[in-house]
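Presented below is the structure to which this report refers.
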Amino acid sequence: MYLLKRRIRRKHKFKLISMTRYFRYIKLVLTQNVILLIMISSIISNTIIMFQEDKYDNLYKEEKIKVEGIIVSNTIEKEYKDKYKLKVLKINSLDLYENTQIYIDVKKEIELDYGDKIICEGEFSKGSEQRNYGGFDYQLYLKSIKIYGTLAVEKYTKVSSNNVNILEKSINSIKITINKNIERILETEYQGIVKGLILGDTTNLEEELKEKFQIANISHVLAVSGMHIIYIVVGIEFIFKKFLGKRNVKYLVIFSLIFYMSITGFTSSIVRAGIMGIINVIAFLTYRKKDIWTSIGFSLLIILIKNPYAITRSRTTIIIFRNYRNNYFQ
């Protein structure tokens, strides 16, 4: 019996390199439907990338340009200048890049409001490319947030105000109110952390504090993502479940997630988590089983259709983290 058991164990011993077993796994994964789906997705994604690359490459190459657009962000305060996000209407009197977005750098004394329509002139830059291996590629970063470049404003003219719809204006007003309440209630040293936790806004967070979050491996807390979505879903269900019922509260959850995504600016991390949360709620309402891989795949598809360069943010983050880790342990 002892020799027989030894023989059976030896016979069923796990082998790391087993082509037969791995080929069986490949056959299970790469079915006809999966291969067809990969081919269709590849054609769609490559077509989108082709048009996007063409749009970036053919962007105005003149250093001095004249831009007409609408301010679609609040003031982003920097040390020597202020920055705004501008939705382009015309460049050099042509509407080839209508509804694209760029950053504009203005002097501190210039005050602009959300929804202002302006005409400005200045020097345009697409951003610096990666110069050293593993270094930061600012141009690629701008592409990942769908910004086409930065205009250093030399002169401007304000045409009109309130050039946004009521919904956009209301959402921006709510965001401003939240920021003001945080600044009114909390001390200065805590304001940046709370804004990062609630809105994902880390513009006012000190670089030293960001590094501490990275060293502690909790920097993901400052990026609005799945953790925040879970808090919203659990909180709404806990408060309103008794009043609305088990099913009706789910509709309120969907509305709240869309509203929260709009307040945080529809960043990739919150869109991914929000879409996954909404799909899980819809699965409950339609009596379907939740599938995390389907949710992740569907959210990724929507994000990359909106902006294919969003996928480079994760790659850039991994490269930067790997270099930081190697330097830190050396």
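Restricting attention to the stretch 184-199, the residues that are charged (D, E, K, R) and in contact (Cβ under 8 Å) with a residue 40 or more places away in the chain total 0.
State whether the residues of the stretch 210-224 include one that is farther than 25 Å from Leu112 by Cα, touching a residue at least 12 places away in the same chain (Cβ under 8 Å), in a loop (DSSP other than H, G, I, E, B) and β-branched (Val, Ile, Thr). Yes, there is a match, as at least one residue in the stretch 210-224 is farther than 25 Å from Leu112 by Cα, touching a residue at least 12 places away in the same chain (Cβ under 8 Å), in a loop (DSSP other than H, G, I, E, B) and β-branched (Val, Ile, Thr).
For the stretch 90-99, does any single residue satisfy the condition of being crowded, with 16+ Cβ neighbours inside 10 Å and within 26 Å of Ser262 (Cβ to Cβ)?
Yes, the stretch 90-99 has at least one match.
Taken over the stretch 73-129, the criterion of being in a strand (DSSP E or B), in contact (Cβ under 8 Å) with a residue 40 or more places away in the chain and aromatic (Phe, Trp, Tyr) is satisfied by Tyr103, Phe124. It is to be established whether one or more residues within the stretch 24-33 are more than 18 Å from Lys143 (Cα to Cα), hydroxyl-bearing (Ser, Thr, Tyr) and either in the same structural domain as Lys175 (by TED's automatic domain parsing) or modelled with pLDDT of 75 or more (or both). Checking the stretch 24-33: not a single residue is more than 18 Å from Lys143 (Cα to Cα), hydroxyl-bearing (Ser, Thr, Tyr) and either in the same structural domain as Lys175 (by TED's automatic domain parsing) or modelled with pLDDT of 75 or more (or both). Taking every residue in the stretch 280-309 that is closer than 19 Å to Glu53 by Cα and pairing it with any residue that is not in a helix (DSSP H, G or I), at least 6 positions away or on another chain, the pairs with Cβ-Cβ distances below 9 Å are Lys306/Lys146; Lys306/Phe266; Asn307/Ile145; Asn307/Lys146; Tyr309/Ile145; Tyr309/Lys146.
Just checking, does the stretch 246-264 include any residue being part of a helix (DSSP H, G or I), over 25 Å from Phe298 (Cβ atoms) and at pLDDT below 90? There is no residue in the stretch 246-264 that is part of a helix (DSSP H, G or I), over 25 Å from Phe298 (Cβ atoms) and at pLDDT below 90.
Might you let me know whether the stretch 96-108 holds any residue that is modelled with pLDDT of 85 or more, within 25 Å of the chain's Cα centre (by Cα) and of a type in the set (D, E, K, R)? So far as the stretch 96-108 goes, yes, one or more of its residues are modelled with pLDDT of 85 or more, within 25 Å of the chain's Cα centre (by Cα) and of a type in the set (D, E, K, R). Checked against (1) buried (at least 19 other Cβ atoms within 10 Å of the Cβ); (2) assigned by TED's automatic domain parsing to the domain that holds Glu187; (3) part of a helix (DSSP H, G or I), Ser269 passes all but a single condition, namely (2). Close Cβ contacts (under 8 Å, 6 or more residues apart or on different chains) running from residues in the stretch 42-54 that are not assigned by TED's automatic domain parsing to the domain that holds Leu96 to residues that are of a type in the set (Asp, Glu) are absent.
Within the stretch 233-253, work out how many residues are buried (at least 18 other Cβ atoms within 10 Å of the Cβ) and among the hydrophobic types (A, V, I, L, M, F, W, C).
Matching residues across the stretch 233-253 total 4.
Somewhere in the stretch 108-115, is a residue basic (Lys, Arg) and surrounded by 14 or more Cβ atoms within 10 Å (Cβ to Cβ)? No.
The values are calculated or read from the model by the stated rules, or taken from the named source; none is laboratory data. Bear in mind that the values here come from a model prediction, so they are computed numbers and not experimental data. Every residue, glycine as well, gets a Cβ built from its backbone with ideal geometry; the counts of neighbours run over all protein chains shown.
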